Amino acid sequence: MQIMEEKVSILFYLNQNKPIGEKYRIYARVLVSRKKSEFSIGFSARENEWDQQRRKSTLAIINEEMSDIESKIYKIRRQLIDENIPITASTIVDHYKGKPGVKANLLGYFEDHVNYIETRGEYSRVTIGQYKTTQKIIRDFLKKKLKKQEILLREISYNTLLEYDTYMVKNYTDPTGKYIERNTINKHHSRLRTVLNKAVREDLLIKSPYKNFQLKNKQTQRDHLTEKELAQIEDLDLKNKPALDRARDFFLFSCYTGLRFNDALSLKLDDIIEDNEERMYISIQMHKTEDLVQVPVIEDAQKIIDKYKDHADREVLGFILPRISNQKLNPHIKALAPLIKTRKTITHHVARHTFATIALNRGIPIEVVQKLLGHKDIHTTMIYAKMLTKTLVREMEKMGRVR
């Protein structure tokens, strides 16, 4: 695509908002399509040393500097046209200041964005980590698929996104070696799209290549355990299988509390608070959202807490549950399925679904479940709202007898 040869104008003025004693800083203003970008030229002058009508100084040394700047600005415009880079006021000033080198490249610009959101402190560690994972996938894609170390932002096209999508579908696996699913792929697209949209706002791109690239999430069936299945897991005799027994307890603890894996893993004695009526509850800042969540401790959860009171991880480090990685935990949890004769794939996250589903079917209001799960948006909680048939019958009987 040929870049339009936008008209560029430059003028100089005495910035009376920037006084230095009796002098004022001299600024250059670059205009392209009615949009401006300004910078100080490094000189200052008194009012009687500045010709407001001609926008020049009475001092030759300052006029020479302004003439040199003007020449450089038009030279940069010509260079941008030759390199087919969109011409904007901010792009020209960035080139003049020597900034565009890393910003013109995708990985460099993406890293700038990650550093920016990390510095602001408004994003959780999980979100920062997800952006870094997306950055790694892009780096691998460029290296293995496109045979490049970098790519210019303006070189990213609709076809580039298609190749990126295909690469993730066919080549990229999660830490367990499993190919990532469509919804996860779309999240990586979404983060790249966010960065490219930012580049558009900063005039580094004319438009995002995602403008016509549609992302459609795949409807997924989120498994949960029924109360009967949960009871079967509770009743399993695993005394001779200590590793499986610990995995079962870890899973059940999240069924009783709704905690995510990382929150359950990092839970310590200090996070168990007692109120004025001697009732215990968990009070933690969630890893994923960094929001405070408070969950009352029911008797079943307390039994598991008590069970590991003499475990080394409790005595030495203060952790409620024995330490184990998610990669090692899930294979043990999956092994519980055949023991209770269910075809469901049981992973740790099924515990959170189970907690929410049982809570809702026992009549706990969805707003309360939302608070317990730490969801900001109730629509997220509604994903878990799988009403059992008997619950629907019970509620419908409020309208009349169900036959």
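Results, tabulated for the structure shown:
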read-out	value
Per residue value of the accessible surface for the chain (all protein chains in place, 1.4 Å probe), Å²	60
Derived scalar couplings ³J(HN,Hα) [the range 65-75; Karplus, 6.51 cos²θ - 1.76 cosθ + 1.60; whole Hz; x for Gly, Pro]	5, 5, 5, 5, 5, 4, 4, 5, 5, 5, 5
The range 29-39 - phi-based ³J(HN,Hα) in whole Hz, Karplus 6.51/-1.76/1.60, Gly and Pro as x	10, 9, 10, 9, 6, 6, 9, 10, 9, 10, 7
Between the range 295-318 and the range 348-375, the Cα center-to-center distance that results, in Å	22
Additional length obtainable on full extension of the chain from Glu38 to Ser90, 0.36 nm per residue less Cα span	17.9 nm
Ser33 accessible area, assembled protein chains, probe 1.4 Å, Å²	70
Convex hull volume per residue in cubic angstrom - Cα atoms of the range 268-329	107
Cα shape, the range 318-366, gyration tensor, a/c 1.5 rule	oblate
For the chain: relative contact order, % (alpha-carbon pairs under 8 angstrom, 6 or more apart)	11
Gyration tensor (alpha-carbon) shape descriptor, the range 86-159, a/c threshold 1.5	oblate
Accessible-area order (highest first, 1.4 angstrom probe) of the listed residues Glu181, Glu122, Glu227	Glu122, Glu181, Glu227
Per-residue [θ]222 nm for the chain (sum of -39500 (n - 2.57) over DSSP H runs n ≥ 4, rounded to 500)	-15000 deg cm²/dmol
Structure-derived Rg/Rh (Cα atoms, Kirkwood Rh): which label, when the choices are (i) 1.15; (ii) 1.10; (iii) 1.00	(i)
Accessible carbon and sulfur surface of the chain relative to its total accessible area, %, 1.4 Å	48
Shape of the range 1-124, Cα gyration tensor, a/c cut at 1.5	oblate
Ranked packing of 80-89, 251-260, most packed first, by mean Cβ within 10 Å	251-260, 80-89
Acute angle (nearest 10 degrees) that the helix 158-171 long axis makes with the longest principal axis of the chain, alpha-carbon atoms	30
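The values are calculated or read from the model by the stated rules, or taken from the named source; none is laboratory data. This is a predicted model, so every value here is computed, not measured. In this analysis, Cβ positions are derived from the backbone assuming ideal geometry, glycine residues included, and neighbour counts consider all displayed protein chains. Note: areas computed on protein heavy atoms with side chains; ligands, DNA, RNA excluded. Shrake-Rupley method; radii C 1.70, N 1.55, O 1.52, S 1.80 Å.
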